[in-house]
1. Within region B:62-70, can one find any residue that is closer than 30 Å to B:S185 by Cα, modelled with pLDDT of 90 or more and within 11 Å of chain A (Cβ to nearest Cβ)?
2. Report the residue count in region B:96-113 for those that are at pLDDT 90 or above, closer than 26 Å to A:W68 by Cβ and away from chain A (no Cβ under 11 Å).
3. Consider A:S18 carefully, then state whether it is farther than 30 Å from B:A32 by Cα and within 11 Å of chain B (Cβ to nearest Cβ).
4. Out of the residues in region B:211-235 that are more than 18 Å from B:S197 (Cβ to Cβ) and in contact with a Pro (Cβ under 8 Å, 6 or more places away or on another chain), state the one that is surrounded by the fewest Cβ atoms within 10 Å (Cβ to Cβ).
5. Output the number of the condition that B:Y86 fails; it satisfies all remaining conditions of (1) part of a loop (DSSP other than H, G, I, E, B); (2) surrounded by fewer than 14 Cβ atoms within 10 Å (Cβ to Cβ); (3) on the phi < 0 side of the Ramachandran plot.
6. Kindly indicate the residue of region A:100-125 that is farther than 17 Å from A:V67 by Cα and outside any loop (DSSP other than H, G, I, E, B) and also farthest from the other protein chains (Cβ to nearest Cβ) among those meeting that condition.
7. Condition (residue is assigned to a strand (DSSP E or B), in contact with a Pro (Cβ under 8 Å, 6 or more places away or on another chain) and in contact (Cβ under 8 Å) with a residue 40 or more places away in the chain) applied to region A:132-149: is it met by at least one residue?
8. Looking only at region B:152-178, which residues are within 18 Å of B:K81 (Cβ to Cβ) and either of a type in the set (A, V, I, L, M, F, W, C) or free of Cβ contacts under 8 Å to residues at least 24 places away in the same chain (or both)?
Amino acid sequence: MIPSFFHDKRGVSEVVASLMMIVLVLIASVAVYSYSVKTFNSSSSLLQLNTALKEEQARERLSIIAVWWDNASQLNVTVLNYGKIEIVIDAVYVNGVRASVYISGKGNTLLREGIAGVRFVSPVSIADGNTYEITAITERGSRDVVYWEA
Amino acid sequence: MWCTGKLNHNRRGTGSIVGIVFIFLLLLSASAFYILNVNMTEEYIKTVQDMQQLDSESNKENIEFSSVSLTTDNKLNVTVKNTGSYQVHLIWIGIFNKTSTPETQQYFSINTYIDTGKTVTSIGSSITLTSAGQKIIQLVTERGNIFHYDMNQITVTGPDTIPYYQTSADWRNYTISIPTTTGTSVPTYFSIYADGSSVEFNGISNPDWVHTDASGEYTVGIKSTFVSGETFTLYVQAGSLVAQKQITQEPG
């Protein structure tokens with residue numbers, strides 16, 4: 001039995017080939033499965049993130065209810081949050097020009113049904129009697145536009 | 001031989017089992033992804049629908065100021081009527097003082113519900129104002145609507161429709177209230193005119209030049225005798241302040 005076991009080479013290549021095939025297929029399968037799982041997870045995370053952002057944005061509602069001017073260079077917009085989620089005012093534009101100097105209010109969280117003022121230095125000069133387009137934008141990208149006469 | 005044969009037999013099925021397992025895992029992953037996607041989409045659609053409903057309700061929300069006055073102890077007294085399709089929840093009242101430079105803007109939190117068709121008075125009764133002149137009252141609703149009332153304006157209070165005049169009982173009275181810039185009521189001269197083809201004022205000509213009483217009010221009787229009925233406008237002008245009111249006379 002022993003000599004024939006070590007010396008009989010018949011069938012060895014078939015076994016090795018089969019084992020190699022199994023190993024290769026397993027490696028390839030594991031690689032494909034890992035890649036698939038990773039891709040699926042990545043896609044679902046991205047989808048979740050995008051959908052959550054869109055949903056939060058859909059729940060946002062804001063309204064500029066008053067504009068105040070100090071008769072010099074400062075403006076104050078009073079914003080009402082009447083949506084279903086808290087908001088954060090990220091930027092204010094006057095006639096399409098973004099304000100860069102804020103005195104107060106920017107970045108503060110505004111709760112539901114709350115009002116808050118965002119005070120800033122107007123990026124364009126204000127003249128009495130002229131009308132200006134004021135835009136307030138939240139961190140999630142919602143906006144409200146009013147036309148205000150100085 | 002028996003052992004080898006058994007192994008060979010098992011190996012023949014291995015590929016199928018591995019294939020089935022992988023197909024199952026793929027289907028499971030795809031199903032999980034699909035279900036997650038569907039759930040999130042449904043949730044998003046529901047949120048959008050809720051917000052569209054909010055926007056729709058907001059568009060149908062409306063209130064009208066019946067009167068704005070100060071009590072004897074200088075407390076604000078706002079009376080508004082809900083003329084919209086939904087109950088209104090007032091959450092903020094704003095007072096803008098136009099006389100100061102720069103103007104001042106103050107907001108006070110309120111919590112007033114007004115049912116459809118109902119009138120609520122004494123809104124802002126906890127707010128003390130030094131004077132009524134040159135102030136704008138702003139009411140803010142929960143649905144994001146804002147309504148303004150300029151206290152520095154002429155108000156004409158009376159019916160929108162009057163009957164075809166037949167007897168003295170068909171006179172209809174209109175009360176004209178004219179504010180002053182100081183907020184203290186004084187007699188104020190104003191012109192009054194109605195552009196209807198057969199409109200008459202009780203006791204005065206049309207047009208005429210009259211003045212309010214010491215409390216800043218004047219009441220005028222109006223009749224119209226146009227058989228087929230008509231709609232005319234009552235004009236009141238005091239200085240730079242102008243008020244117009246559309247009045248419809250019913251057919252005779």
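1. no
2. 2
3. yes
4. Residue satisfying both the conditions and the ranking: B:A214.
5. (2)
6. Looking at the filtered set, the residue picked out is A:T109.
7. The answer is no, given that none of the residues of region A:132-149 is assigned to a strand (DSSP E or B), in contact with a Pro (Cβ under 8 Å, 6 or more places away or on another chain) and in contact (Cβ under 8 Å) with a residue 40 or more places away in the chain.
8. Listed by number, the list holds a single entry, B:V156.
The values are calculated or read from the model by the stated rules, or taken from the named source; none is laboratory data. Every value quoted in this text rests on a predicted model; they were computed, and no experiment measured them. Note that we place each Cβ from the backbone using ideal geometry, even for glycine, and neighbour counts take in every protein chain shown.
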